[in-house]
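Working notes for the structure below.
The values are calculated or read from the model by the stated rules, or taken from the named source; none is laboratory data. Remember, it's a predicted structure, so these values are computed and weren't measured experimentally. All Cβ positions, even for glycine, are placed from backbone atoms using ideal geometry, and neighbour counts span all protein chains on display. Surface accessibility is based on the protein's heavy atoms, side chains included, excluding ligands, DNA and RNA. Shrake-Rupley method; radii C 1.70, N 1.55, O 1.52, S 1.80 Å.
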Amino acid sequence: MNLVFLGPPGAGKGTQASKVSENRGLPHISTGDILREAVAEETPLGVKAKAFMDSGSLVPDDLVVSIVAERLERADCADGFVLDGFPRTIAQAEALDATLEGMGRSLDGVLYFKVDDDQVVRRLSGRRICRDCGENYHVDFMPPQTPGVCDKCGGELYQREDDKAGTVRERLKVYYAQTADLVDYYRERGLLVDVDASLVPSAVREEVAASVGALEGKED
Ligand code: AP5
């Protein structure tokens, strides 16, 4: 299953991608996570990406496209992958098509997480992430048992720099200006599957599982 999870920031793509990855043994490839790791390690890529990310802009296409192309070549992608946060521009989508074609593969489906802007702002402003294991929480919607402490590993929870109010609004603007056109791009190619991402996490999980199951049925 070669899948893309598409949608605005905070729609729940990462939350659901990690479930699908766990349940189906597919690698969860989040360009945001890869870039944040590069920033934390101050690699050449991270140094270039940091200012774009902190301001809520997109990192230039050429940097991101080459990371993904290399990642998809790895052995763990042989049976499929879940791409989360990539592609984010038409140029990235075309580059992904070309990369997959070069590998004799193609996408099976693009799950489009639909949610309105008010929910995006509420979700992102309440998101907390474990510094040690990366587990994702929300102070109201998916709270940890002890505030500020990860249920899984006891690590400290923190708020992402780009989840502060001003940057969230900029990320939404960037989404509408540069990413939203991908909905039509994939709908025209018959790949788009709508997901009502405004529901509670367990209901979204069921919808996602059913959609992925239906795509698998088509593949057989
Ligand atoms: P990235 O990390 O990809 O951020 P994003 O797309 O903005 O996505 P998020 O991680 O914010 O949201 P999500 O949809 O995964 O939601 P989540 O599941 O966490 O990108 C960050 C930056 O990196 C970009 O701004 C850019 O600079 C750069 N970048 C990355 N990819 C790039 C690319 N391809 N090209 C160029 N630049 C790139 O959920 C959010 C919160 O809501 C959590 O707290 C969660 O617990 C909660 N939640 C989840 N589901 C629900 C629900 N159903 N109900 C209630 N709460 C929920």
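For the reader, a short list of remarks on this structure follows.
- Kirkwood estimate for the chain, i.e. one over the average of 1/r between Cα atoms, Å: 17.8 Å
- Here the convex hull built on the C-alpha positions of the range 1-90 has a volume of 103 cubic angstrom per residue.
- Its Cα gyration tensor gives the range 173-215 an equivalent ellipsoid, and the semi-axes of that ellipsoid, as √(5λ) in whole Å with the largest first, are 22, 16, 5.
- The orientation-averaged projected area of the convex hull spanned by the Cα atoms of the range 112-220 comes to 8.4 nm².
- Modelled spin-label separation between ASP184 and ASP79, with each label point placed 7 Å from Cα along the Cα-to-Cβ direction: 3.9 nm.
- Apportionment of accessible area to carbon and sulfur, the chain, percent (1.4 Å): 49 percent
- Area projected by the alpha carbon convex hull of the range 63-163, averaged over all directions, nm²: 8.4 nm²
- Extension gain, THR146 back to ARG169 (0.36 nm per residue minus Cα-Cα distance, nm): 5.3 nm
- For the pair ASP118 and ALA91, label points projected 7 Å from Cα toward Cβ lie 3.7 nm apart.
- Just so you know, the Cα atoms of the range 51-103 work out to an Rg and Dmax of 11.9, 36 Å.
- Whole-number accessible area per residue in Å² for the chain, which is evaluated in the context of all protein chains at 1.4 Å: 50 Å²
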